[in-house]
Amino acid sequence: MFAQELVGGMLAAGGRVIFIAPQAENSEFEVPRAGMTRIRPRRELRHGSRLRRFAASLQRVGGSALGLLRARLRTRIFVVTIPDPFVFSLPMLMLLRLSGARIIYVVHDPLPHAWRLPARFRMIENASFQATYSLSRALVVLSRAGVAALSGAYRLGSRPVQVIEHGVFVMGDATPAPGHGTLLLFGTLRRNKGIREAIAGVVAARAKGARVRLIIAGAPDPIEAEYWAQCEVLARAHPDAVTLEIGYVEDCRLHDLIAACDAFLLPYRDFNSQSGVAMLASSNARTVISSRAGGIGDLIADGMAAVPIEAPVDEAAVAKAVIAFAAVPAAEWNQRAVAYRDHTMIARAWPVIGKQYIDLAAAVDVR
């Protein structure tokens, strides 16, 4: 969704874009637009045998590579966001660089949420990140916290590192929160999102009288399968407090989940980027109960409707924040969330974000 929205913002800001990505789930993103050339590699398969899914993945990677080569015939500026795994993306980035292309790399996560390789191979994985940044002419991070984390972990040389904020994520018309005490934990389920603390904190808050319940919706990170297994055992031990919707969440279901919830729960730790989930909440007039990790702290300081979870982000801190949220009438939270939505829809509109990328591309083109 990030790439699709960014392309729309750049087009709205007067740019011309060659967009290389599989067919969007939301057909609205596939409407032909002036200034856009569309290249669609094959989509991943979410169902079917492992062999079929693997074959589809290889076809998508191959289609993406061919798309990049086609695009290189028409442009030398490439904005890369959420690329394929390094084993595929690094050779393509090297080839682009050797051809004279200038790469703007969007660093969504300055430090990995979870390392894919065992600790004894950490040097290889870290070197892959370093190589990617070295191949880039400029880097974009999504929060001020990300700059310090990135520059402290990798040698960036003289290449510019620019903060361009995450744009809004609007899922239809905003509706008032119903006031039923439903909290939503959404997205990839991994350790640094504090899943266990969220479950235990909600259970503890209910024990102290808070009329809340938690919905967990998303797919577990396969790298941390053991962690999710522990969280699932805890959640299923409290079916009155926690509902699980495990797996990929379609856009239409996400819309319904947002409409049904009063707040998003984000007890993040070891997090340095901006949270797309926090932007999703604020863009759809929902309060967050959240730590100040990464760019979320910037949003809270900016006035986002929020109850901060203070450090250390543990079960007790989550419970305290949930209880504080439940003590405020839903009408007051709605008023604050709508006010911040109005603000962020202007400050972080995708045309505003797109114009910053266009300006950065122009600067990179003359360097």
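Under the convention that each Lys and Arg Cβ holds +1 and each Asp and Glu Cβ holds -1, the size of the dipole of the chain around its Cα centre is about 1380 debye. The convex hull of the Cα atoms of region 76-129, projected and averaged over all directions, covers 3.9 nm².
With 0.36 nm allotted per residue and the present C-alpha distance subtracted, the Arg52-Ala362 stretch has 107.4 nm of extension available. Note on His238 and Ile39: their simple-model spin labels are 4.9 nm apart, each label 7 Å out from Cα toward Cβ. All Cα-Cα separations within the chain were binned at 10 Å from zero, giving a P(r) of 5, 22, 32, 26, 12, 2, 0, each value a whole percent of the pairs.
Note down the magnitude of the dipole of region 1-149 about its Cα centre, charges +1 on Lys and Arg C-beta and -1 on Asp and Glu C-beta and zero elsewhere, to the nearest 20 debye.
Values: 22 positive and 8 negative charges, 93 e Å.
Rounded to the nearest 20 debye, it is 440 debye.
Helices in the chain, meaning DSSP H runs of at least 4 residues, each add -39500 (n - 2.57). Divided by all residues, the mean residue ellipticity at 222 nm is -14500 deg cm²/dmol. Our estimate of slack between Ala148 and Thr188, defined as 0.36 nm per intervening residue step minus the Cα-Cα distance, is 12.0 nm.
Sites listed here are GluC sites (Glu not before Pro) in region 301-365 whose DSSP assignment is loop and whose Cβ has at most 14 other Cβ atoms within 10 Å: Glu310.
A dipole drawn for the chain from +1 and -1 charges on Cβ atoms has a positive end, and of Asn284, Leu360, Leu244 the residue lying farthest that way is Leu360. P(r) tail for region 230-367: Cα pairs beyond 26 Å make up 33% of the total.
Which part of region 156-187 falls in the paramagnetic zone of Arg213, meaning amide N under 11 Å from the point 7 Å along Cα-to-beta-carbon? Backbone N within reach: 181-183. For the pair region 157-198 / region 240-295, the C-alpha centres are spaced 5 Å from each other.
If the reach is capped at under 23 angstrom between alpha carbons, list the lysines near Lys208, excluding any in the same chain fewer than eight residues apart. Partners found: Lys320.
Here the spin labels are modelled as points 7 Å beyond Cα on the Cα-Cβ line, and at Arg120 and Glu332 they lie 5.7 nm apart.
Listed by chain and number, the aspartates and glutamates placed with their C-alpha closer than 13 angstrom to that of Lys355 are Glu5, Glu165; residues fewer than eight positions away on the same chain are left out.
Just so you know, all these numbers are worked out from the coordinates, no wet-lab data involved. Here the structure is a predicted model, which is why all the values come from computation and not from measurement. Counting neighbours? That spans all protein chains shown, and the Cβs are built from the backbone with ideal geometry, glycine included.
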